[in-house]
Structure formats: structure tokens, C-alpha cells
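**Student:** Here it is, the structure in full.
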Amino acid sequence: MTVHHQLAAVLQEAVQTAQTAGALPSFDPPEITIERPRDASFGDYASPTPLKLARVARMAPIKIAQAIADHLPATDYIAEVTVAPPGFINIRLTNERLQQVLVDVLAEGEEYGRIHLGNGKKAQIECVSANPTGPIHIGRTRGGVMGDTLARAMRLAGYDVVLEYYYNDAGRQITMLGESTKIRYLQLLGQDVELGADHYKGDYIIDIARELQAAHVDALQNEPADYFGNYAKDKISQSQKETLRRINIVFDVYFNEQSLYENGRVWEALETLQQKGHVYEKDGAQWFKTTEFGDDKDRVLVKKTGEPTYRMPDIAYHWDKAQRGFDLVVDIFGPDHHATAPQVLMGVQALGYPTNFVRTVLHQIISIIKDGQEMKMSTRAGTFVALDDVLDEVGPDPIRYFMISRSGNSPIDFDLNLALERSDKNPVYYVQNAHVRCAGIFRKWAEAGGAPDADAEADLSLLTHENELAFMRKAMELSAVIEQMTLTSEPHHIAFYAYDLAAAFHPAYEKCRVLHDDVPEPLRLARLRFYWAAKQLFAHVLNLMGMSTPEVM
């Protein structure tokens, strides 16, 4: 149970006790809100609940707050409760409760912050889903990092999570890929053929054509474009997996769109929609009555040529998700899915499934900035910024951090120069340097002959410096952050938390010395314990973000 929930339960009990005592009138138990006050001088936690109860209780909020405060049950972790206008209840925890956080961090390790929100529940997160028509560019990376980070948090929240990649390996884009590769192959053979406006023009197509020429010389010139498309698709797909692995993203499932055609699920979904009366024919095309589900106009599912639009296989895919029994599905898409994602869910609803188990997360675009200039991206034109190239330049950690450094609703300017800067201006350096500083303390301790377990029985009650306590307060919040990420599917909260944790740590490191000669031995041992816990917590948080834990920088 998080501290927020503990305090909410205590205030709930106080309300009921006050009602029994006649200090508050009778009303249904309220939902208690617990938050961190903006000004730390007010306390560690605060509740504005009395403000919400004024109407139902027909009392001034300040009087409601005082009645609740007067009837709080005794606990061993609340040091002080005060009431502040216009009706806030401020709560300060005991030092002992804060110091217990260090014990918990060291005892629980990578389990610290675990909550039981999703125990017994299955979840699926779909992200990236870049077409296998070219290398993954940096613009596609944001959804992948968001999804992988969310999966890590949800597993700590108790969910059985499947991270899934949906390959759009069917349709016109694969036809264009095959034609592009064959044309490049024929050009290498000296034939006078040219790419069309819709063909893929990246150098990676030439590289694939060269591989085919090296292996087969001119024996493939009469092969259909499908042969080249399948070869290129498989080659690119494997490359994409290797690239994602470089950024510490490994999917549990790779789901191919083509399989929906091979097993007939696309046409089964269409037939079911027809049988249920949700599809009609017009001008030779099959139209979905999306207006019955709130859309502004009906949508084409199958063109008059017999070719499905992108909606049809997407509906079949989400129908498959519904039948796999997930309690929660999180779809993480780019801004180009803003209009289409609701139409797909309309299809699932029309097929007879509720759609409240699907949560759609749309993220905004990424701009790559280098030397003050934005770099343009287009996969088809071959002018994209490949993820591999950015990885070669800055490494995976800055990419992972910056991709979740803002809410998905906000665009991101990824400044490559800042990502390489080794100063506190770079948030990646700022967070990781906290772990490095802890490692440095224990390296020096070992070099001085200090025993590795000298602090095992340290007296943590000696840790009363305001900066030490501030770090402990922030350390206590991790479980609440995990809960917030899980409930909202917003992974940026862990990046914010990591930065705030580092901001609480660095002043403690500067002011709460441990190895200086003038530090009393009992306090030295207590602070060694403090820094062990800090090192473990930073390693844990960095791992939740899929980042490394450097010992030196």
C-alpha cells in the first residue's frame, strides 16, 4: 500500500469517527484526496478533501478540516497534523517513517515500489509498429520507448504484460518495396529502369539489391516484384529487431498483418460485420456504418477493386486482441492515428466486444535538432534520421530518457548536442551522475580498507539532516509514481520522478559528507547506509527507464 493510500484510509476513518461523535453531519464516505503540497514547509502530504465536502456537510471547509484532524486515529508514522485555510489538512511524517524507506529500498531491491494494482490481470502493449519498408527512424522511436517503459512499470504494478509489435507486412507499401528493390537490382545489372514517385529511394534499398546481385548475379531478373518484396521485408524486419535491441527494447510478440490474410481473419471479420448489418455496398465498395457509432461519416472497408483499406486488417487485429482475453490493451500510436484509432474500435464494438479494455495513447512528433538546425525526415524519400545513426552518435540512454521526458501530448525537440553534454544541463547526465557519485563513495571506502558490510547495523535515526530527509521523502513516492503510470498509461512520470530524485540527492551529497575525517563514526556508518540505499534506488529507477547504471562518467 502506498503512503497516499495509507493516509487516505486514516482520514477516511477520522471522518467516520467525527460523524459518530457528532462533529460532522452524516453523509456518504467521501473519496479522500492526498497530494504533495507545493510548499514543503506545510508538511509532507496534504488533503484538500474538506473543500469538496463543504456543500454536502453544509459547513465551512476550515471547520470540516479541524473536525477531521481532531478525530484522527493514533499512528506510529504521523508526527504532526495541522489545518490551514481555506480548508487543507497538512500531514508531516515522523523521521522514523522516513528512515524506514532506506531499509525498504535495500531489502526489496528491484521489487521496491511494487503495488498490486494488476495482480491476476493480463495486459498487452502495442507500440512502434513501423512498416518493414525501411530502417527505424528516430520519429518511430518515441512510441517504442514509451511502451517499453510503461511495460516495466506495469509489471511492477503486478500486471502480466505482453509487449507486442504489429508488422504492417501486407498491402500496397510492401508492393512498392518489392518494386523498388527490383528496380534497383535491375539498375545494378545495367538496365535502363527508373523509380517512380511512390517508390522507396533510400540507400538501404540499393544495399539490399546489391546483396541479391552478389548472391544470384543476373538470375533474378525475371522474378516477380513479390520475390524482391519478401526478401527485402524479411531483411528489414531483422534489422529493425536488432536496432530496437540496441535501445534495450525486446518484444514478446511480433504479430504479422499478413497472417490475418493467411488465416482468413480479415475476411471473417468483414463477413461478421456484414451479418450483423454494419456493412453495406456502394459503388462496388464495402462501407462500414461508423455513423451508427458516432462517426461523422461512414468509412470504406474494402475498395471496389477488392483491396481492403487499412481499417479492415486493423479491425481484424483488434478483434483478435479481444479474443485473446487481455484485461487491458494499450495502443501507443503517433499523431497520424488520431482519426483512425476510434474507427478501429468502432469495428471491435460492432463485432460484439466492449472497447473499454482498450486505451489509446497518441504521442506527438519528434524534431531532431543538431547545431541549432532541425533535421528533416521521410522514409520514402530516403531522408530520414535512422535510429541506428543516432545511437552511434549519442548512445541509447539519452534517447530513452528524452523520449519520455515530456507528456505524449507534447512534441519533443531532441537536441543531439545537449544529449552529449556532460553537465547538469543534460538531464541524463544529471540523473546518472547521482548513481556515479554513490559508486564513487564506495570505491573510495573500499580503497581505504573499509569493510563492505560495516554499515549493516548502522543507526539510521542519526540521519536527520534536512537534505537527507528530503531525499527520503522523494524516495517514498516511487510506488505512487508506478500507480500513476499504470492508471494513466503516461510513462513520462518516471522521467520526472528520476530528475526530482536526483535534485533531492545532489544537495545531500554536497552537504552530508561521509568519508571526511570530522564525521563521527556512528554518523559515518549511517550515511554509508544512506548512500547504499540511494545507489540501489537510482539503479532501480534507471532500469525502469531502460537505462544503464554507470559507475564512472
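**Student:** Assuming R0 = 45 Å, can you tell me the calculated FRET efficiency for the pair D295 and R58, based on Cβ-Cβ distance, to the nearest 0.05?
**Tutor:** It comes to 0.50.
**Student:** Show me, for segment 301-306, the HN-Hα J-couplings you get by feeding each phi into the Karplus relation (A = 6.51, B = -1.76, C = 1.60, θ = phi - 60°), rounded to Hz, glycine and proline as x.
**Tutor:** 9, 9, 5, 5, 7, x
**Student:** Just check segment 331-443 against the gyration tensor rule for me: Cα atoms, a ≥ b ≥ c as the square roots of the eigenvalues, rounded for a/c under 1.5, and otherwise prolate or oblate depending on whether a/b exceeds b/c.
**Tutor:** Oblate shape, in that a/c is at least 1.5 and b/c is the bigger or equal ratio.
**Student:** When Lys and Arg each count +1 and Asp and Glu each count -1, what net charge do the other residues less than 15 Å away from P335, Cβ to Cβ, add up to?
**Tutor:** Its environment carries a net charge of +1.
**Student:** Suppose R0 equals 22 Å. What FRET efficiency, 1/(1 + (r/R0)^6) with r the Cβ-Cβ distance, do L51 and D500 give to the nearest 0.05?
**Tutor:** 0.25
**Student:** Moving on to the next point. Convex hull over the Cα atoms of segment 439-546, averaged projected area in nm²?
**Tutor:** In nm², the orientation-averaged hull projection of segment 439-546 is 7.2.
**Student:** Counting every Cα pair in segment 3-93, what percent are over 15 Å apart?
**Tutor:** 53 percent
**Student:** Given R₀ = 35 Å, FRET efficiency for Y280-Q323 by Cβ-Cβ distance, to 0.05?
**Tutor:** Efficiency at R0 = 35 Å is approximately 0.85.
**Student:** Also: Quickly work out the Q16-to-E466 label distance, labels modelled 7 Å from Cα along the C-beta direction, and quote it in nm with one decimal.
**Tutor:** Going from the E466 label point to the Q16 one covers 3.9 nm.
**Student:** How big is the gap, in Å, between the Cα center of segment 210-278 and the Cα center of segment 71-125?
**Tutor:** 49 Å
**Student:** Still on this structure: How large is ³J(HN,Hα) for each residue in segment 65-82, as worked out from phi by the Karplus curve 6.51 cos²θ - 1.76 cosθ + 1.60 (θ = phi - 60°), to whole Hz, x for Gly and Pro?
**Tutor:** So the J values, rounded to whole Hz, are 4, 5, 5, 5, 4, 5, 10, 5, x, 6, 9, 9, 10, 9, 8, 7, 10, 10.
**Student:** Moving on. Helix-derived [θ] at 222 nm for the chain: sum -39500 (n - 2.57) over DSSP H runs of at least 4, divide by residue count, nearest 500?
**Tutor:** Estimated from H runs of four or more residues: -15500 deg cm²/dmol.
**Student:** I need the trypsin sites (Lys or Arg not before Pro) found in segment 476-553, filtered to DSSP loop residues with at most 16 other beta carbons within 10 Å of theirs.
**Tutor:** R513
**Student:** Express in nm, to one decimal, how much length is gained between R36 and D218 on full extension, taking 0.36 nm for each residue of separation and deducting their alpha carbon distance.
**Tutor:** Result for the pair: 58.5 nm of gain on full extension.
**Student:** If you take the square roots of the eigenvalues of the alpha-carbon gyration tensor of the chain and sort them as a ≥ b ≥ c, do you get rounded (a/c under 1.5), prolate (a/b over b/c) or oblate?
**Tutor:** Values: a/c = 2.94, a/b = 1.52, b/c = 1.94.
Taking the square roots of the gyration eigenvalues as a ≥ b ≥ c, the chain is oblate.
**Student:** Whole-Hz Karplus ³J(HN,Hα) for segment 231-248, in order, using 6.51 cos²θ - 1.76 cosθ + 1.60 and θ = phi - 60°, x for Gly and Pro?
**Tutor:** 5, 5, 4, 5, 5, 5, 4, 5, 5, 4, 4, 5, 5, 5, 5, 5, 9, 6
**Student:** Same structure, new question: Taking 0.36 nm per residue of separation and subtracting the Cα-Cα distance, what length does fully extending D517 through K122 add?
**Tutor:** On the way: separation 395, 0.36 × 395 = 142.20 nm, distance 5.41 nm.
Residue separation times 0.36 nm, minus the Cα-Cα distance, leaves 136.8 nm.
**Student:** On to the next question. What does a probe at D453 reach in segment 518-553, counting residues whose amide N is under 18 Å from the point 7 Å along Cα→Cβ?
**Tutor:** 525-526, 528-530, 532-533
**Student:** Same structure again: Would you please give the residues with an amide H less than 5 Å from that of Y166, counting only those at least 5 places away or on a separate chain, with H modeled from the backbone geometry?
**Tutor:** Amide H to amide H, under 5 Å and 5 or more residues apart or across chains, Y166 pairs with C127, S129, F255.
**Student:** Would you mind working out the magnitude of the charge dipole of segment 423-544 relative to its Cα centre, with +1 at each Lys and Arg C-beta and -1 at each Asp and Glu C-beta, to the nearest 20 Debye?
**Tutor:** Values: 12 positive and 16 negative charges, 62 e Å.
Here the size comes out at about 300 debye.
**Student:** Let a ≥ b ≥ c be the square roots of the eigenvalues of the Cα gyration tensor of segment 488-553; is it rounded (a/c under 1.5), or, if not, prolate (a/b larger than b/c) or oblate? All intermediate terms of the calculation are to be shown ahead of the outcome.
**Tutor:** Values: a/c = 2.82, a/b = 2.35, b/c = 1.20.
In terms of gyration-tensor shape, prolate.
**Student:** Next up: When the gyration tensor of segment 57-193 is built from Cα positions, what are the square roots of 5 times its three eigenvalues, in whole Å, from largest to smallest?
**Tutor:** On the way: eigenvalues 700, 78, 40 Å².
Here the semi-axes work out to 59, 20, 14 Å.
**Student:** Any of K241/K474; K63/K121; K425/K511; K182/K241; K233/K321 with alpha carbons more than 31 Å apart? Name them for me.
**Tutor:** K241/K474; K63/K121
**Student:** Cα-based Rg (one decimal) and Dmax (whole number) for segment 457-508, in Å?
**Tutor:** For segment 457-508, the Cα-based Rg and Dmax read 13.3, 40 Å.
Read-outs throughout are calculated quantities, based only on the coordinates presented, and are distinct from any laboratory measurement. Everything numeric in this text was worked out from a predicted model, so none of it was measured. A quick note on method: Cβ atoms are made from the backbone with ideal geometry, for glycine too, and the neighbour counts reach across all protein chains shown.
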